[in-house]
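The values are calculated or read from the model by the stated rules, or taken from the named source; none is laboratory data. Predicted model, so just to flag it, every value in this text is computed and none were measured. As a convention, Cβ positions derive from the backbone with ideal geometry for all residues, glycine included, and neighbour counts pool all protein chains shown. The area values use the complete protein model at the heavy-atom level, side chains included, leaving out ligands, DNA and RNA. Shrake-Rupley method; radii C 1.70, N 1.55, O 1.52, S 1.80 Å.
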Amino acid sequence: MMVQVKRICCIGAGYVGGPTCSVIAQMCPEIAVTVVDVNEERIRAWNSDQLPIFEPGLQEVVEARRGFNLFFSSNIDEAVREADIIFISVNTPTKTFGLGKGRAADLKYIEACARRIAEVATGYKIVVEKSTVPVRAAESIQRIFNANTKSDLSFQFLSNPEFLAEVTAITDLKNPDRVLIGGEETPDGQRAIETLSSIYERWVPKSRIITTNTWSSELSKLAANAFLAQRISSINSISALCEVTGADVEEVAHAIGTDQRIGNGFLKASVGFGGSCFQKDVLNLVYLCEALNLPEVARYWQQVIEINEYQRRRFAARIISCLFNTVTDKKIALLGFAFKKDTGDTRESSSIYISKYLMDEGAQLYIYDPKVKKEQIMQDLAQSSTVTDGMERGLSLVSIASDPYEACDNAHAIVICTEWDVFKELDYEKIYKAMLKPAFIFDGRRILDSLHDRLQQLGFQVETIGKKISQRIPFTTNDISKLDLQTPPLKKMKI
Ligand SMILES: NC(=O)c1ccc[n+]([C@@H]2O[C@H](COP(=O)([O-])OP(=O)(O)OC[C@H]3O[C@@H](n4cnc5c(N)ncnc54)[C@H](O)[C@@H]3O)[C@@H](O)[C@H]2O)c1
């Protein structure tokens, strides 16, 4: 018999837990949904007008349901005890030390949740793994439950990975391409799947709800992110070829994307992918393959990461090369710090890596981003400081500008790292007049394509990804070897 779901609890009030549960609360007004977190500050923010994350449409959903059937709380035990279904949506970052360091997923937060549920819950619970995990993570969690079984607790464990993308989270959740639910192939497992499926069926057509065994579900999430990242690395590898042959990567992407077998999504060349998931999930897949003695498969996926690192280094090397092989003490305006437009999220943003390469060469960075706060930028750069003389000197090279014109004033070059629309509408004539000459623009996102002629008429030297535009300035080289090719900056931390 299916469980009559009255209460849902979600552990983890982040980019996944918050939006997902807000949408469930909106679609199921008779179900009480409580989102809990160990981070009390985050919970306070969810209960205020300043939500801890920015997502278009999120504020409206939260305001419509908060206090009615949507609650944010730090009382984890109470919410767990009362819930029929418990989602685990905590972070699963890459391990930074120990076995699998730099590649394996750190499951300590998931494990802490499993132990807490086993300790405080009673009755029958459906526990849903929403975080992205390595295949067979559910098995480890089940072992924790089994080892801590109490006579008054029984549970079913499901995998229900989340496929939302930041910035479009609310529309993705309301109209998903698919919902994936994996569970045990036993009658009890199937009943738990049906129960969770009945929640989604209130707004998702049944044909889009895919049910599988637990391991297929876990692996599908890793594989989906690996395929998406691989497409970006594939087109970025072609962009390098375009820059030396005279082909234009945008034209190539369009030409290959019209082939229905290939499709046109995710073929935008850029300075490299960022975000909290792609790198972590591909590395996780690589580690899994290595651990399962599949070295060829591991190497294949590792290459996706390597091309991404290469693309960032290549772009930084081009900036240095164009600026007469030295950026030491030169003012560079870096426009955009978020990993993509319309978000304040900077996790694994390519801007961090480009900043670090330029700081290592002694450039003076003036950074502007419409959404990212100064403290966040400083924290990201401090955490990844590589400047040989240490963090203090490194950060003394960074200033945060309050508008793009201030960032560009007296600068030698503008480097666009995030595709914010506002950067297409700047008064480039005013900017050009205020810059040192020759004035350079490095467009790492291909957002100024329609302005290239005008920018060149104004006098700018324009450099972009995957297309040769300006004549090379004499005496410059494309010498990428100037940067340490083997070591991405974040891996040689000095602090
Ligand atoms: N961000 C995305 O776009 C996205 C998309 C799909 C899937 N995912 C996956 O979803 C998971 C969560 O990602 P996120 O971006 O929401 O992470 P996040 O860091 O924004 O949020 C995770 C939250 O979990 C809380 N937490 C950690 N341990 C806890 C514990 N023991 N008890 C209570 N709270 C705890 C943290 O305080 C944090 O607020 C990850 O596995 C991620 O890979 C993320």
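Among the DSSP beta bridges whose two residues both lie in segment 113-194, what percent are antiparallel, rounded to the nearest 5? Given both bridge residues lie in segment 113-194, the antiparallel proportion sits at roughly 10 percent.
If you roll a 1.4 angstrom probe over the protein chains with everything in place, what fraction of the accessible area of the chain belongs to carbon and sulfur, to the nearest %?
Values: 11010 of 21740 Å².
The nonpolar share, carbon plus sulfur, comes to 51 percent.
Approximating the spin labels as points 7 Å out from Cα along Cα→Cβ, the Asp421-to-Phe68 distance works out to 2.9 nm. For segment 105-157, compute Rh as the Kirkwood radius over C-alpha pairs and then the Stokes-Einstein diffusion coefficient at 37 °C and 0.692 mPa s; write the answer in µm²/s, rounded to an integer. It comes out at roughly 291 µm²/s. Translational diffusion of the chain was estimated from the Stokes-Einstein equation, with Rh taken as the Kirkwood radius over Cα pairs; at 25 °C and 0.890 mPa s the coefficient is 101 µm²/s. Taking the C-alpha atoms only, the angle from helix 214-245 to the longest principal axis of the chain is near 10 degrees. Take the Cβ atoms of Phe227 and Lys150, set R0 to 30 Å, and the FRET efficiency comes out at 0.10. For Ala363, the residues whose modelled amide H falls within less than 5 Å of its own, excluding neighbours fewer than 5 places apart on the same chain, are Asp329.
At a Förster radius of 51 Å, what calculated FRET efficiency corresponds to the Cβ-Cβ distance of Leu436 and Arg191, to the nearest 0.05?
Working: r = 70 Å, r/R0 = 1.36.
Once rounded, the FRET efficiency stands at 0.15.
Our coupling estimate for segment 9-20, obtained by passing each phi through the Karplus curve with A = 6.51, B = -1.76, C = 1.60 and θ = phi - 60°, is 10, 10, 8, x, 9, x, 5, 9, x, x, x, 4 Hz, Gly and Pro reported as x. As a rough guide to protection, the peptides 298-310, 79-91 ranked by mean Cβ packing within 10 Å, highest first, stand as 79-91, 298-310.
Ranking request for peptides 181-191, 312-322: highest mean number of other beta-carbon atoms within 10 Å first, then the rest in descending order. Let's see the in-between values first.
On the way: 181-191: 16.7, 312-322: 23.0.
Highest to lowest by the protection proxy: 312-322, 181-191.
Debye-formula intensities of segment 53-100, expressed as log10 I(q)/I(0) at q = 0.22 Å⁻¹, are -0.98 (one equal scatterer per alpha-carbon, no solvent).
For segment 166-179, the Karplus equation 6.51 cos²θ - 1.76 cosθ + 1.60, evaluated at θ = phi - 60°, returns couplings of 4, 6, 10, 4, 5, 5, 4, 6, 7, 9, x, 4, 6, 10 Hz by residue, with Gly and Pro reported as x. Measuring between their Cα centroids, segment 343-360 and segment 201-215 lie 37 Å from each other.
Average accessible surface for segment 206-314: 47 Å² per residue, computed with a 1.4 Å probe over protein heavy atoms with every protein chain in place.
For segment 393-470, the direction-averaged projected area of the alpha-carbon convex hull comes to 5.5 nm².
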